[in-house]
Amino acid sequence: MKKILNLLFEYKSLTAEQAKEVMMNIGKGIYTDAEVAAFTTVYLMRTITIAELQGFRNALMEMALPIVFDDDVIDIVGTGGDGKNTFNISTIASFIVAGTGNKVAKHGNVASTSVTGSSDVLLQLGYTFKNDNAVLKKELEVANITFLHAPLFHPALKAVSHVRKQLGVRTLFNMMGPLVNPANPAVRMLGVYNAEMGRMYNYLLQNDTAKFCIVNSLDGYDEISLTTDTKVITAAGEKIYTAYYLGKRTVSPEDIAGGNSPEEAAKICTSILKGEGTWAQNAVVLANAAIALHTTEKYADYDTCMQMAVESLESGRAYESLKKIVC
């Protein structure tokens with residue numbers, strides 16, 4: 001690791017093969033916590049390259065516990081690390097999508113840079129993490145949604161979880177999470193915290209078979225926040241959408257704050273899914289769900305997808321999906 005660190009400290013980059021080897025060694029527990037901390041924070045000071053990102057991804061997927069479902073699945077996931085402390089928008093949007101009858105395999109983790117991650121909220125709501133393929137498959141059949149807690153599927157993520165928590169800052173693992181869903185979803189909606197990361201994701205995903213959509217609010221949210229315009233990247237190109245187009249109006253950062261504890265975050269999640277959310281909260285989760293549905297390419301246009309999302313939430317089907325997977 002010392003050789004690798006010295007190379008990176010000199011602003012040199014790793015080849016895809018070198019990056020893969022380092023990540024494989026992290027997964028095997030070869031390095032000390034100090035070495036892992038130093039390595040993962042380098043990428044706060046210098047830009048990760050496409051080759052490095054590809055190498056890290058290849059290693060994580062090679063080591064991952066594979067999961068296979070009979071149906072095509074959707075994932076809605078953000079990098080985290082945007083420092084905005086929103087409520088768990090992608091998690092709630094996932095249940096809304098499930099309520100439309102589409103299958104969702106949500107990939108997530110506990111928070112390392114914010115108050116709550118998707119895993120924190122699901123755990124607070126009574127969900128039990130699992131990695132048994134048959135059990136997850138049954139869950140998907142019954143509720144149209146299942147949850148893949150990243151450390152149960154990725155040895156490297158498990159190995160560094162305590163280091164990430166202690167650091168409390170964004171690391172390269174924030175960049176990796178959305179790219180390494182072990183179920184290999186057929187449809188991916190990924191949120192990124194800046195345009196540069198969006199371009200790198202786009203480059204990598206162009207080589208995948210999955211349909212994808214990358215979203216970045218221009219004020220730095222890793223999701224559609226409706227606080228300003230949103231850049232949306234697909235295989236067809238890039239577009240900027242206004243908050244009015246996506247959600248009929250703008251919202252303020254205070255409107256989508258996530259609370260100060262997992263308990264508060266879980267209450268917000270339940271409240272919205274039960275139809276008791278504020279106008280702003282509903283608008284944001286519906287916009288994210290609608291874009292995810294649109295990414296499937298099964299529906300005529302965005303307005304159709306928005307109407308489906310609204311019906312899922314207002315009919316209670318989104319909340320029913322939640323109740324079917326929690327204790």
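Between Thr86, Thr304, Thr227, the residue with the greatest mean-square fluctuation in the GNM of the chain (Cα pairs under 10 Å linked by springs) is Thr304. The lysines whose alpha-carbon is closer than 24 Å to the alpha-carbon of Lys211, local same-chain residues fewer than 8 away aside, are Lys103, Lys106, Lys137, Lys231, Lys239, Lys298. Here each label is just a point 7 Å from Cα along the line to Cβ, and for Asp301 and Lys323 those points are 3.6 nm apart. Inter-part distance, the range 218-279 to the range 111-189, computed on C-alpha centroids, equals 21 Å. Here the mean projected area of the convex hull built on the C-alpha positions of the chain is 14.7 nm². Distance between the modelled labels on Ala134 and His162, one decimal in nanometres: 3.4 nm (7 Å Cα→Cβ projection). Working note: 222 nm ellipticity from helices only, DSSP H runs with n ≥ 4, each -39,500 (n - 2.57), summed and divided by the residues of the chain, gives -14500 deg cm²/dmol to the nearest 500. Relative contact order of the range 1-101, taken over Cα pairs closer than 8 Å and 6 or more residues apart, is 30 percent.
Sequentially through the range 220-231, phi angles give Karplus couplings (6.51, -1.76, 1.60; θ = phi - 60°) of x, 7, 8, 6, 7, 9, 6, 7, 6, 5, 10, 7 Hz, Gly and Pro residues having no value and appearing as x.
Every number in this text was worked out from the coordinates using simple rules, so none of it is lab data. None of these values were measured; they are calculated from a predicted model. So basically every Cβ, Gly included, is an ideal-geometry build from the backbone, and we count neighbours across all protein chains shown.
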